[in-house]
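**Q** This is the structure, below, for whatever I ask next.
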Amino acid sequence: MATKSRVHHANYAEIWAILVALLLVSVGGSMSSTRGVVLVAAFGVALVKAYLVAKYFMHVNVEKRWVPYLLLVMIAFVVIFFAGVAPDVMKHGGLHWSNDAAKQAVESQH
């Protein structure tokens, strides 16, 4: 006799409501004048939202075992890429170039 396995399906409306609440937290946090609050609101909430979307809407938790590992490797590549280009992108000048608009924007904030 074959037995049916019971698969628990997520309540998508509930997950959507959580995502909307997290959106409101990130928008409210971005309005803060404290840099730490802005960073947590931007990146912390974004990581939680990405996890929820991957788990419940992309169904990564029911894929073959190697799929989540592949996802983690791709995230590692993104981090390595950012670390490689961030020193150049975040500077306001180089050997043969200058970003005067960025310099003025930073100086006008102080």
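**Q** Taking Cα atoms, how many degrees apart are the long axis of helix 100-109 and the longest axis of the chain, rounded to 10 and kept between 0 and 90?
**A** For helix 100-109, the angle is close to 80 degrees.
**Q** Hey, what do the phi angles of region 81-92 turn into as Karplus ³J(HN,Hα) couplings, whole Hz, using 6.51/-1.76/1.60 and θ = phi - 60°, x for Gly and Pro?
**A** Taking θ as phi minus 60°, the curve returns 4, 4, 4, x, 9, 4, x, 7, 5, 8, 7, 9 Hz for region 81-92.
**Q** Another question about this same structure. For the chain, what is Rg from Cα atoms divided by 2.2 N^0.38 Å, rounded to two decimals?
**A** 1.58
**Q** Continuing with the same structure: I'd like the carbon and sulfur percentage of the solvent accessible area for the chain, probe radius 1.4 Å, heavy atoms only, ligands and nucleic acids excluded.
**A** Heavy-atom surface of the chain belonging to carbon and sulfur, 1.4 Å probe: 69 percent.
**Q** Counting only the heavy atoms of the protein chains, how much of Trp66 is accessible to a 1.4 Å probe, in Å² to the nearest 10?
**A** 150
**Q** Could you give the dipole magnitude of the chain about its Cα centre, charging the beta-carbon of Lys and Arg +1 and that of Asp and Glu -1, in debye to the nearest 20?
**A** On the way: 9 positive and 5 negative charges, 110 e Å.
Dipole of the chain, to the nearest 20 debye: 520 debye.
**Q** Looking only at trypsin sites (Lys or Arg not before Pro) in DSSP loops with at most 13 other Cβ atoms within 10 Å, what is the longest site-free stretch of the chain?
**A** Value returned for the longest uninterrupted segment is 7-63.
**Q** A further question on this structure: What does the accessible area per residue of the chain come to in Å², with a 1.4 Å probe and no ligands, DNA or RNA counted?
**A** Accessible area per residue, the chain: 86 Å².
The values are calculated or read from the model by the stated rules, or taken from the named source; none is laboratory data. Keep in mind it's a predicted model, so treat the numbers as computed, not measured. Ideal geometry is used to build each Cβ from the backbone, glycine not excepted, and the neighbour counts take in all protein chains shown. For the accessible areas, the whole protein counts, side chains as well, though only heavy atoms, and no ligand, DNA or RNA atoms are used. Shrake-Rupley method; radii C 1.70, N 1.55, O 1.52, S 1.80 Å.
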